[in-house]
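Note sheet for the following structure.
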Amino acid sequence: MAWRVCCRLGSQLRRLPGRRHAWGRRDIASCIDPTVGLTEEQKEFQKVAFDFAAKEMAPHMAEWDEKEIFPVETVRKAAQLGFGGIYVQPDVGGSGLSRLDTSIIFEALSTGCVSTTAYISIHNMCNWMIDTFGTEEQRHKFCPSLCSMEKLSSYCLTEPGSGSDAASLLTSARKKGDTYILNGSKAFISGGGDTDLYVVMCRTGGPGPKGISCLVLEKGTPGLSFGKKEKKMGWNSQPTRAVIFEDCAVPVANRLGEEGTGFNIAMKGLNGGRINIASCSLGAAHASVLLARDHLNVRKQFGELLASNQYLQFRLAEMATRLVAARLMVRNAAQALQEGREDAVALCSMAKLFATDECFVICNQALQMHGGYGYLKDYKVQQFVRDIRVHQILEGTNEVMRMIVARNLLQA
């Protein structure tokens, strides 16, 4: 679905009664305005995403978190706006937008619910991997239903014994005729048990990255089972489970790319995933800055508004500065990835490291500014803090991001 369709739907959303506060309006906080530097087209689908976040996500964010609801119908509504395959090619139902466009959309959506947006971003990554590395038959078989989010997907790389050292994974796929017999398990899988397609990295050859291949496994395959639903600090609007394979027969026709190219496919997916998750952190930080500012303007202590306290003014200014710096870094990395630049991997790692670290500081400071109220679940700021904490861990820990950047510098 092209951006023009998003714009038409956005216009309809803006005419609906009861439209909520738009986080990105220039007159609200001009120095952190997320529209700065965007084209008119980008501003239009950014408005669509902000409107959707305000109307369809923000009013339910706390309930989804408290009751651990996976809002499938809401994500399918997002897919109607083209958000199920944002950077997937249009011939299989995707929106065909750029990496920068994608970052803009995920930042806006995250102002409504970080956890739900993060799942949508993972689904988009899986969809892109099939679109990019799959055959024409695979693309047309899987991508249309993923773009509509009629079917949901999960990315399966991490294992109980291989987190940051992903190339040491043990899940095996033994070729038998026209099938692979898959055995092993994956850990911390977003959507696990509730989703329909699993993009699985498994060992078809010897040790190391060159022995890894990528298979697409469909729910309902005999031998596929799931662990218990994990109880998490945040990201509660998406289920997380172990995914277990016991003699699962997967058609060879479901392999993406050639044997031995799975690790490369996984890493290319994660380059974009790091931009996506950094963008989700930006949305949380943007919302938190505005929540803190609004609180300072109404809360009185010692007979004066908190906004008149110079220390708090300075801290708010630091939060805004961190936010804008992080946004610029993320958007620069997104552009580099789109252009296929040689420094794109390092820039994506820098952006993920910097944005997720700084945005957590911003959200945590916003909570501090709320005092005891910030610790109450009646206030959104605490959920932003809980939901983005994991962004410093997943899609490659921030320690691994430092390793990638250092390696790039030392090998130059």
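Structure summary
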read-out	value
Estimated translational D of segment 83-196 in µm²/s (Stokes, Kirkwood radius over Cα pairs; 37 °C; 0.692 mPa s)	212 µm²/s
Relative packing of 92-98, 316-322, which averages over residues the other C-beta atoms within 10 Å, highest first	92-98, 316-322
Estimated inter-spin distance, GLU342 and ASN408, nm [label 7 Å along Cα→Cβ]	1.3 nm
Heavy-atom accessible surface of the chain: percent carbon and sulfur, 1.4 Å	54 percent
Heavy-atom surface of the chain, accessible at 1.4 Å and reported per residue (Å²)	42 Å²
For segment 257-316: rounded, prolate or oblate by the Cα gyration tensor [a/c cutoff 1.5]	prolate
Kirkwood-Stokes translational diffusion coefficient of the chain, alpha-carbon pairs, 25 °C, 0.890 mPa s, µm²/s	113 µm²/s
Qualifying lysines (Cα of each under 26 Å from Cα of LYS300; at least 8 residues distant if same chain)	LYS377, LYS380
Dimensionless Rg over Rh [segment 284-412; C-alpha; Kirkwood]	1.08
0 to 90° range, to nearest 10: angle between helix 344-369 axis and the chain longest Cα axis	40 degrees
Long-range Cα-Cα pairs in segment 341-408 (distance over 18 Å), rounded percent	45 percent
Radius ratio Rg over Rh of segment 174-296, counting only Cα atoms, Kirkwood formula for Rh	1.10
R0 of 41 Å, Cβ-Cβ distance ASP33-THR179: FRET efficiency to nearest 0.05	0.15
FRET efficiency, LEU305 to ARG76 (Cβ-Cβ, R0 51 Å, nearest 0.05)	0.70
Table column - 3J(HN,Hα) (Hz), segment 142-154, Karplus curve with 6.51, -1.76, 1.60, x for Gly and Pro	9, 5, x, 6, 6, 5, 7, 6, 4, 10, 10, 10, 9
Full-stretch length increase - ALA317, SER98 - with 0.36 nm per residue and alpha-carbon distance subtracted	75.7 nm
FRET efficiency, 1/(1 + (r/R0)^6) with R0 30 Å, evaluated for TYR375 and GLU63 via beta carbons	0.95
Quarter of Cα convex hull surface for segment 256-355, i.e. mean projection, nm²	7.8 nm²
Inter-centroid distance (Cα atoms) of segment 301-355 relative to segment 106-168, Å	26 Å
Burial order of peptide ranges 35-44, 203-212, 154-163, 130-139 (average beta-carbon count within 10 Å, highest first)	154-163, 130-139, 203-212, 35-44
Crossing angle, helix 262-296 versus the chain [Cα axis fit, 0-90 degrees, rounded to tens]	20 degrees
Modelled label reach - ALA253, point 7 Å along Cα→Cβ, segment 118-136 residues with backbone N closer than 14 Å	135-136
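The values are calculated or read from the model by the stated rules, or taken from the named source; none is laboratory data. Every value quoted in this text rests on a predicted model; they were computed, and no experiment measured them. Heads up, the Cβs are rebuilt from the backbone with ideal geometry, glycines too, and the neighbour counts pull from every protein chain shown. Heads up: the accessible areas ignore ligands, DNA and RNA and are worked out on the full protein's heavy atoms, side chains in. Shrake-Rupley method; radii C 1.70, N 1.55, O 1.52, S 1.80 Å.
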